[in-house]
Amino acid sequence: MPLCSLSRRNGDSGGVSSLDLLACGAISSCVAQSATYPLALARTRMQTAGMPGNPVAFASVADCLRATVRAEGVFGLFRGMSPNLLKAVPAMSISYVVFENAKLALSSLAR
């Protein structure tokens, strides 16, 4: 849903509300984290491979992803994503609001 339709839906002619921006930030953060988390998991597992207590070594990112799916199933690619979402969703939501409000404030100064 485009942001302009959100502001029209709310009857606001000036712009998008902060609550709408928070929602957009939360949604975009969830989508981005869901899309990229398996790669972050593979990176972490490859970095810790070979350390004491973790003797598994992977040949490539694809090998790490395949081994994870074989051992834990598809949901294993998203293991540990909840704490990551608890960190990323509020940060991205706040960033959206701050960016849009700063943009409005700076554009009003330029006039």
TODO: Would you mention how many residues in segment 40-64 are within 22 Å of A91 (Cβ to Cβ) and either open to solvent by less than 50 Å² (accessible area, probe 1.4 Å) or touching a residue at least 24 places away in the same chain (Cβ under 8 Å) (or both)?
DONE: 2
TODO: Being charged (D, E, K, R) and touching a helix residue (DSSP H, G or I) at 6+ places or on another chain (Cβ under 9 Å) is the filter; apply it to segment 71-108 and report the residue that is least open to solvent (accessible area, probe 1.4 Å).
DONE: E100
Task: Residue within segment 51-61 that is within 30 Å of S28 (Cβ to Cβ) and in contact with a helix residue (DSSP H, G or I) (Cβ under 8 Å, 6 or more places away or on another chain) present - done: yes
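The values are calculated or read from the model by the stated rules, or taken from the named source; none is laboratory data. What you are looking at is a predicted structure, and each value in this text was computed from that prediction instead of being measured. No Cβ is skipped: glycine too gets one built from the backbone with ideal geometry, and neighbour counts run over all protein chains shown. Side chains included, ligands, DNA and RNA excluded: accessible areas come from the protein's heavy atoms. Shrake-Rupley method; radii C 1.70, N 1.55, O 1.52, S 1.80 Å.
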